[in-house]
1. Filter K148/K223; K47/K203; K129/K206 down to the pairs with a C-alpha to C-alpha distance above 18 Å, please.
2. Quick one: which residues, 5 or more positions from A240 or on another chain, have an amide H under 5 Å from its amide H? H modelled 1.01 Å from N in the peptide plane, none for Pro or chain starts.
3. Once you compute Rg and the Kirkwood Rh from C-alpha atoms, what is the Rg to Rh ratio for the range 110-220?
4. Just the ratio, please: alpha-carbon radius of gyration of the range 184-244 over 2.2 N^0.38 Å, N its number of residues.
5. Can you list residues whose amide H is under 5 Å from A218's amide H, if they're 5+ apart or on another chain and H is modeled 1.01 Å from N?
6. Order of 229-242, 206-219, 55-68, 76-89 by packing, highest average Cβ count within 10 Å first?
7. Please state the relative contact order of the range 119-179 as a whole percent: Cα pairs under 8 Å, 6+ residues apart?
8. Output the peptides 127-135, 172-180 sorted from most to least packed, where packing is the average of other Cβ atoms within 10 Å over each peptide's residues.
Amino acid sequence: MGFSLKVNRKSIAHATSPDRNEQFEYIATMREAFAQQGSPIISVDTKKKELVGRFKNAGVCWERVAQPVNDHDFHSLSEGIAIPYGIYEPTINRGNVFVGTSHDTPEFAASSIAKWWKLGNRDYDDPDKLLILADGGGSNSSRSHAWKAFIQTCIADRFQIPVTVCHYPPGTSKWNPIEHRLFSEISKNWRGKPLDSYEAIIKYIKTTTTKTGLTVKASLVRKQYTKGVKISKDKLAQLAINNHQKSAILIMAREGEGTFEPRAVRHQGHSVVLDICTAPVYKTLGTSTLQAHDHQSSLRTTSEPRIIWRFGESAT
């Protein structure tokens, strides 16, 4: 009769912008230029959030006896939530994953990239710029004002380097290198195994390897990030963004392309002052909660000089 068991296949393509290929060509040009100059290129995204506990994990693995797990995936049964923010370097086939425990926010994304830069840039010959490849949504959304503000302050201003950001067109996240070069391999490494602790999650990520030489580093981020950070229009206008192109594809990519040029930082004694210009009632930095009512609050970093974050007024 010709019948056999089948699964659904995603093969129905919907209409997309006729200029989508132009964006891919633009990204390819930027990647080639940075690679030829030996400058760092990173592909970033947030992997699927995972409940931490004895929950069923898709897939099968070799076991003598099947491991028992909870019959329901209730958040109340979990130790917490794991939010893996990944950074993949396609030119050297290396991944870094920062596992958050609070919220997937633009600040978390930019802070993860900043932590990677402090250590990862040592493997490049005196790097003086950075290329970021990202999806158009999530914590690194091309529409997010907070993402742009934190990239400007946490990376471009802090490290005094120009940061170029290229977003993939809508519906094309599978072409972002991190998806098929890092995240898929992590999923293979922990398939069928309950993610019952943060330590287990970090172990599975760190032990992810491939025959082509992929290596992965991972670390747990206990810092609590605040959702709903808003950037005022005045502060947004102060960002030093050099847009690369003004074609229709730029509109389709939601005006997310461009280079964040480093702004001059202000020094206060032996400290560096950075205008973070956020707008929630409070923000959590490190282990201290700081009030954000147009005054200065300080944050110690692991390296000198000390960084002083200056908070702006609430956006209307």
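1. On the way: K148/K223 21 Å; K47/K203 16 Å; K129/K206 27 Å.
Exceeds cut-off: K148/K223; K129/K206.
2. The answer is E261.
3. 0.99
4. 1.81
5. Residues meeting the amide H criterion: V97.
6. Result, highest mean Cβ count within 10 Å first: 76-89, 229-242, 206-219, 55-68.
7. Over the range 119-179, the number comes to 42 percent.
8. Details: 127-135: 21.6, 172-180: 16.6.
Averaged packing, sorted descending, gives the order 127-135, 172-180.
No value in this document is a laboratory result; all are computed from the given coordinates. Just so you know, these numbers come straight off a predicted model, no measurement behind them. As a convention, Cβ positions derive from the backbone with ideal geometry for all residues, glycine included, and neighbour counts pool all protein chains shown.
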